[in-house]
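The values are calculated or read from the model by the stated rules, or taken from the named source; none is laboratory data. Quantities reported herein were computed from a predicted structural model and do not represent experimental measurements. Ideal geometry is used to build each Cβ from the backbone, glycine not excepted, and the neighbour counts take in all protein chains shown.
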C-alpha cells in the first residue's frame, strides 16, 4: 500500500497479488503433491547403488537435478508480477542469488518428515542415498531445513508468497535498481502477511519465516563451498559434464 | 550477457515448464 489506498483496496490488491503468485507457483512447481503420494522409498539395494557410485557421477546427477529444478524457478520468476519489468541485470542477479534458495523452500513440498526422505530421481530418498557426494554435513543441514519447514505446515499459497519474497530479496549485491526490487519485495511480504492473517495462522509465523532466510543463505554458502572443494579435485568433470546452466549460476 | 548466456536465453524465451 502507498498509504493513500483504502483498506478495502489494499485487501483487494493483496488478494490479487497472492492469487497471481499462487497460480505461477502451481504452474511451475515441477511436482504435484498428489502425484508424489503414490511414490515409494528406495529399497536398500537401490540405496547401495547410489552409495557405490563414484563421487563425480553422483555430483553430476545432483547437478542435473538441481538444474532441472532451476528451470522451473526461472519460469516462476518470469510469472511474478513486476519481475520482468526489472532490468535484465537485476533479473539475473536475483536468480543467481535466489534460485537455489527457492528450490530449498520448495523442497518441503517433496519431503516426507515421517521418515526423513525427499523425492529424488523417481523415489523417496533418505540422507544415506547422498553419501557418495562426500558432503554429509551439507546433506544433513538440507534435510534438517526441510524438516523444519515442514513443521510449519505451510499451505501452497503461503509457500508461493514466501518463495517470491525470497527471490525478490533487495539486499543482493550488484542490483542496479535496489529500490524497485525493494518495492516488489515489500508488496509480496505484505501479501504474505495478509494471507497468513486470512488463514488464521499463528502470529509468530511471519517472523519464523524471516528467520528461515538466514538459514537459506547459510545452506547456499555451504553448497558453494562444497562445489569449490569438489571442483578443485575434479575440474574436468565440472567443465565437461556439469550442465551449463548450473555452471553459470554456481561455478562462474 | 555472454557470462549468463543460458539464463539470458531462458528469460527471453516464452517457454513453459512443460517444454523444458
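Output the residues belonging to the range A:28-51 that are touching a helix residue (DSSP H, G or I) at 6+ places or on another chain (Cβ under 7 Å) and on the phi < 0 side of the Ramachandran plot. Please lay out each step first, then the result.
Residues of the range A:28-51 that are touching a helix residue (DSSP H, G or I) at 6+ places or on another chain (Cβ under 7 Å), as a first pass: A:28-31, A:33, A:36, A:42, A:47, A:50-51.
A:28, A:29, A:31, A:33, A:36, A:42, A:47, A:50, A:51, listed by residue number.
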**OP:** Any chance you could count how many residues in the range A:65-108 are under 14 Å from residue A:27 (Cβ atoms) and assigned to a helix (DSSP H, G or I)?
**Re:** 9
**OP:** Pull up the range A:42-63, narrow it to residues that are in contact with a strand residue (DSSP E or B) (Cβ under 8 Å, 6 or more places away or on another chain) and assigned to a helix (DSSP H, G or I), then point me to the one that is nearest to residue A:116 (Cα to Cα).
**Re:** A:47
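Restricting attention to the range A:166-182, does a residue exist that is within 23 Å of residue A:54 (Cα to Cα), at pLDDT 95 or above, away from chain B (no Cβ under 14 Å) and surrounded by fewer than 18 Cβ atoms within 10 Å (Cβ to Cβ)?
Within the range A:166-182, the first condition is being within 23 Å of residue A:54 (Cα to Cα), and the residues that meet it are none.
No, that holds for no residue.
Can you work out which of the residues in the range A:123-165 that are free of Cβ contacts under 8 Å to residues at least 12 places away in the same chain and part of a helix (DSSP H, G or I) is nearest to residue A:54 (Cα to Cα)? It would help to see each step written out before you state the result.
The initial filter retains those residues of the range A:123-165 that are free of Cβ contacts under 8 Å to residues at least 12 places away in the same chain, namely A:136, A:144, A:153.
Applying the additional criterion that residues be part of a helix (DSSP H, G or I) yields A:136, A:144.
Values: A:136: 15, A:144: 25 Å.
Residue satisfying both the conditions and the ranking: A:136.
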Original post:
Can you find a residue in the range A:63-81 that is surrounded by 18 or more Cβ atoms within 10 Å (Cβ to Cβ) and either farther than 20 Å from residue A:97 by Cβ or over 18 Å from the mean Cα position of the chain (by Cα) (or both)?
Top reply: no
Original post:
When the range A:201-252 is examined, which residues are found to be at pLDDT 95 or above, within 14 Å of chain B (Cβ to nearest Cβ) and outside any helix (DSSP H, G or I)?
Top reply: A:242, A:243
Subject >> Lone unmet requirement of (1) assigned to a helix (DSSP H, G or I); (2) out of contact with any helix residue (DSSP H, G or I) (no Cβ under 7 Å at 6 or more places or on another chain) for residue A:173 >> reply: (1)
**OP:** Check the range A:29-41 and report whether any residue there is in contact with a strand residue (DSSP E or B) (Cβ under 6 Å, 6 or more places away or on another chain), farther than 18 Å from residue A:186 by Cα and part of a helix (DSSP H, G or I).
**Re:** yes
Original post:
Counting just the residues of the range B:9-20 that are at the interface with chain A (Cβ under 7 Å from one of its Cβ atoms) and modelled with pLDDT of 75 or more, which one comes out surrounded by the fewest Cβ atoms within 10 Å (Cβ to Cβ)?
Top reply: B:11
**OP:** List every residue pair whose Cβ atoms sit under 6 Å apart, with the two residues 6 or more apart in sequence or on different chains, where the first one lies in the range A:198-213 and is over 13 Å from residue A:165 (Cα atoms) and the second, anywhere, is part of a helix (DSSP H, G or I).
**Re:** A:205/A:196
